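Following: one structure in structure tokens, then a few remarks.
Please treat every number below as a calculation from the coordinates, not as lab data. These numbers come from a predicted model, not from an experiment. Please note: Cβ atoms are built from the backbone with ideal geometry, for glycine as well, and neighbour counts cover all protein chains shown.
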Amino acid sequence: MSTHAEELKLRLMTIELLQTAKKRYTYRELSAKTNLPVTVLSRYAKGHVLPNAERARQLWGTLKKLVGLPIELRKRIQFNSEGYFNNTWIIGDFNILRQAAHHALATFAGRRVTKILTAAVDGIPLATMVADSLGVNLVIAKWSKEVGVPAFYEETYVLRGSGVTRTLYLPKEALKRRDSVLIVDDMVKSGETQVALVNLVRKARAEISGVYYLIAVGDEWKEKLVLPKGCPIEIVTRIKSV
């Protein structure tokens, strides 16, 4: 997607978020929070004029703290007695996924991204929406080899505390050395799967342009995930491990 197209999409997304905020706040309240005149906010919300790209980014940054994705995610996260939560109502909620895709575009617009990479299966709905938002193709690492694919990159790792190994397979033709890959997943906790995805990108000799997670649980994963210097990590919401 061209920079111009990304900027236009971001400007339109900001208007959509402002219209959502207007349902909960008055123009006067929004003016105090955004430092923009009521008349300007009104013209934006009514679609009479679009903010320029720089103001859209600033406005997006403020509005997402009021009515954005992190708030909606926290409403849906409830741990059981064993420290797990049901992500069904997150990865299956189209509104959440659309907001997440908007968030990813606002974060990574202007960076070079040629492919989105995720692991089967829970990361697929989110990664699909993000790929669509950024206008690039989606690549999925799977738990088994597919008939008809001539060659794979493979990454085997041990599941934490289980003594069980798992292997992710990625068709070699899916990533090229010239690719710049954004790794996307719905959640990171122990980090094994996410490290495997990073290693697959390295085996393909492609570039890692960034990492995007909806939810990060605890900090254990940080010790395992080693990324190139300056590689951005965007996490929508962080929660403590139970």
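Computed quantities for the displayed model
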{"quantity": "Estimated distance in nm for a label pair at Arg111 and His4, the labels positioned 7 Å out from Cα along Cα-to-Cβ", "calculated": "2.5"}
{"quantity": "Glu234 paired with Asn80, simple spin-label distance in nm, labels 7 Å along Cα-to-beta-carbon", "calculated": "3.2"}
{"quantity": "Folded to 0 to 90 degrees: helix 53-67 orientation relative to the chain principal axis, Cα", "calculated": "80"}
{"quantity": "Simple label model, 7 Å out from Cα along Cβ direction - Lys203 to Leu159, nm", "calculated": "2.0"}
{"quantity": "For the chain, size of Cβ-based charge dipole, Lys and Arg +1, Asp and Glu -1, in debye", "calculated": "720"}
{"quantity": "Built amide H within the under 5 Å cut-off of Gly123, gap 5+", "calculated": "Asp186"}
{"quantity": "Options (i) 32; (ii) 36; (iii) 40 - which one matches percent of Cα pairs over 27 Å apart as calculated here", "calculated": "(iii)"}
{"quantity": "Contour excess over end-to-end distance, with Cα ends at Asn87 and Thr20 and 0.36 nm allotted per residue", "calculated": "21.7 nm"}
{"quantity": "Gain upon complete extension [Arg178, Asn52; 0.36 nm per residue less C-alpha separation]", "calculated": "42.2 nm"}
